[in-house]
1. Determine ³J(HN,Hα), in whole Hz, for all residues of the stretch 36-50 in sequence, where each value follows from phi through the Karplus function 6.51 cos²θ - 1.76 cosθ + 1.60 and θ = phi - 60°; x replaces Gly and Pro.
2. Order 64-75, 37-48, 117-128 from most to least packed using the mean count of other Cβ atoms within 10 Å.
Amino acid sequence: MPTSSITSVFLSLLFLCLFYTGYTDNNLDEDKRKLFEIYNSSHDDMTKINNIPELVNIYERISYTLSPDLREKLDRIIDENTALDHDTILVDGIPRQGGKKKRKFIVPKVLTEPVKDVASGFFQRLGSGLYDFFFGKKEEE
């Protein structure tokens with residue numbers, strides 16, 4: 001089998017793998033439904049705080065489809081309000097090496113009011129950005 005045939009078969013298989021493992025309209029609809037449920041069922045601060053990781057997961061799945069301005073805005077909101085594992089975990093006094101940087105959410109059972117306000121504000125800002133993407137601008141309450 002000539003080299004060009006092997007290369008074309010390899011590239012075809014690579015393209016098909018990438019094509020079939022992508023984020024589909026069904027995934028987008030599922031995330032839209034999930035966001036709607038989260039956003040409309042989060043009435044108290046603790047529920048909002050507990051739903052933040054799911055909002056971030058939705059954002060990470062759809063971030064490539066967002067406009068650059070909205071992506072930059074939401075990235076800034078997330079970066080300001082989360083810690084990355086490599087920032088907080090030390091091994092022998094130095095940050096750990098390699099691996100995927102994973103966002104870390106620590107939700108203690110008892111939070112002071114200022115902390116609840118900050119976390120709830122984070123939920124509102126991130127949620128409203130995602131809500132705007134899926135449903136258009138949300139009316140201010």
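1. 4, 4, 4, 5, 8, 9, 9, 9, 10, 4, 5, 5, 4, 4, 5
2. Values: 64-75: 13.0, 37-48: 14.6, 117-128: 17.6.
My ranking of the peptides, most packed first, is 117-128, 37-48, 64-75.
Read-outs: derived from the displayed coordinates by stated rules, not from any lab. On a predicted model such as this, the values are computed, not experimentally measured, just so you know. Virtual Cβ from ideal backbone geometry, glycine too; neighbours counted across all protein chains shown.
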